[in-house]
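Since the structure comes first, as structure tokens, the remarks are kept for the end.
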Amino acid sequence: MIRDALGIGIATGAYALSFGAISTAAGLSLLQTCALSVLMFTGASQFALVGVVGAGGSVWAGAATAALLGSRNALYGVRLSSLLERGGWRRAAAAHFVIDETTAMAIARDSVAESRLAFWATGLAVFTLWNLGTLIGALATHALPDPKVLGFDAAPPAAFLALLAPRLRAREPMAIALGAGVVALVCLPFVPAGVPLLIVAVLVAIFGVLRSRG
Amino acid sequence: MMWAGVLVACASCYALKLAGLSLPASVLQDARVQRTVPLVPVALLAALVATQTFSTGHHLVLDVRAAALAVAIVAVLLRAPFLVVVASAAATAALLRLL
């Protein structure tokens, strides 16, 4: 289990390299980039914030998008709640580690003790290597003359695509993804940067609520 | 301004994680919440892919980023690791700009 945790940590560390690089190319400072990985510690939200800023949107539009993407972590918390330690600082610390990777590793175990070990081992491995990867990616990009020459503006969409792909295994999410892309592009010329994302979020929430009635 | 946005976003994301562990399960096990929340990342990530590939500021544009996205799609279909997907897209854009 520890080996699995380390394996996931190394994979996410490699992916943090690209976060550090994209964040720096988007114009965030080294300290801001590292603060996101330490304090936000949820990959898709971090990529969204720096992606919106890098494309010329306000940091507030980026922050709203990051929070919306972070909403899924609340559902992970529900599944983990009965498996993790109850009160106090341990729960407060555990909350910081509630992300895709730790949830996937902690659920589907034979016992609560195994779930806890998987959760903490994965959380610590990913946290350590995610932050190390971010720092290296950011430092390496600081040393570069012009990120755009190296195609760094094409990196964020590829990162979002890689995050999206595993969620597209059925017809409905595929249709939602296509619809969301079209709606965002149609709105884009008429509203401030970053706002098309918020429009898409509102529409998909309405869709979800209507569908759950029928 | 940047720092304020970064810190507010970090606090919001932490609050959502803590809420999941702390709120009564009945709130978050509501059928509407369970049905809707997983759709949000799908829609937002797709909108991010579309806007960051096909626009600059308020203008829709078709440039080397579209080719880079096509390469990234192929990489994803071949189940390439995350870093390879991102690096192949960046390399495609860089190479096409050199031509």
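The values are calculated or read from the model by the stated rules, or taken from the named source; none is laboratory data. Computed from a prediction, not measured in an experiment: that's the story for all the values here. Reconstructed Cβ throughout: ideal geometry from the backbone, glycine too, with neighbour counts over all protein chains shown. Just the protein is used for accessible areas: all its heavy atoms, side chains included, with ligands, DNA and RNA removed. Shrake-Rupley method; radii C 1.70, N 1.55, O 1.52, S 1.80 Å.
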Per DSSP, loop trypsin sites (Lys or Arg not before Pro) in the range A:111-214 with at most 11 further Cβ within 10 Å: A:Arg169
Two-site FRET efficiency, A:Ala108 against B:Leu78, from Cβ-Cβ distance with R₀ of 35 Å, rounded to 0.05: 0.80
Accessible area buried between chains A and B, both sides summed, probe 1.4 Å, in Å² to nearest 100: 6500
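Would you calculate, for the protein assembly as shown, the mean residue ellipticity at 222 nm contributed by helices, counting each DSSP H stretch of 4 or more residues as -39,500 (n - 2.57) and dividing by all residues, to the nearest 500?
-24500 deg cm²/dmol, from helical runs alone.
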Computed accessible area, B:Thr92, all protein chains, 1.4 angstrom probe, square angstrom: 30
Residues with amide H under 5 Å from that of A:Phe97, placed H, sequence gap 5 or more: none
Average other protein chain Cβ within 10 Å of Cβ, residues A:177-189: 6
Given charges at beta-carbon only (K, R positive; D, E negative), |dipole| of chain A in Debye: 560
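For A:Phe190, A:Phe47, A:Phe127, write out the residues from largest to smallest accessible area, computed with a 1.4 angstrom probe and no ligands counted.
The most accessible residue leads, giving A:Phe190, A:Phe127, A:Phe47.
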Under the span-like rule (Cα at least 20 Å along the axis, Kyte-Doolittle mean at least -0.5), DSSP H helices of chain A: A:2-25, A:59-81, A:112-142, A:171-187, A:195-213
In Å², nearest 10: area of A:Arg79 left accessible to a 1.4 Å probe: 130
The protein assembly as shown, accessible surface, carbon-and-sulfur percent (1.4 angstrom probe): 72
Only Lys, Arg (+1) and Asp, Glu (-1) charged, at Cβ; the range A:58-166 dipole about Cα centre in debye: 380
Which of A:Gly57, A:Ala118, A:Pro157, positive extreme of dipole for chain A (C-beta unit charges): A:Ala118
Per residue accessible area of chain A, 1.4 Å probe, in Å²: 42
The range A:81-168: relative contact order in percent, alpha carbon pairs under 8 Å with at least 6 residues between: 19
Between helix B:39-54 and chain B: long-axis angle, C-alpha atoms, 0 to 90°, nearest 10: 20
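How big is the charge dipole of the range A:100-214 about its Cα centre, in debye rounded to the nearest 20, if each Lys and Arg gets +1 on its Cβ and each Asp and Glu gets -1 on its Cβ?
Around 400 debye, computed over the range A:100-214.
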Nearest-ten-degree value, helix B:64-77 long axis tilted from longest Cα axis of chain B: 60
Heavy-atom accessible area ranking, 1.4 Å probe, most first, across B:Val84, B:Val6, B:Val33: B:Val84, B:Val33, B:Val6
Long-range amide H partners of B:Ser55 with built H, under 5 Å: B:Val61
Selection from B:Met2, B:Ala15, B:Val85 lying farthest towards where the dipole of chain B points positive, charges on Cβ: B:Val85
Positive-pole candidate from A:Leu6, A:Thr103, B:Ala66, dipole of the protein assembly as shown, charges at beta carbon: A:Thr103
Crossing angle, helix B:82-98 versus chain B [Cα axis fit, 0-90 degrees, rounded to tens]: 30
Between the range A:56-73 and the range A:144-214, the alpha-carbon center distance in angstrom: 12
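Using a 1.4 angstrom probe with every protein chain in place, what is the largest-first accessible-area order of A:His96, B:His58?
Ranking A:His96, B:His58 by accessible area, largest first, yields B:His58, A:His96.
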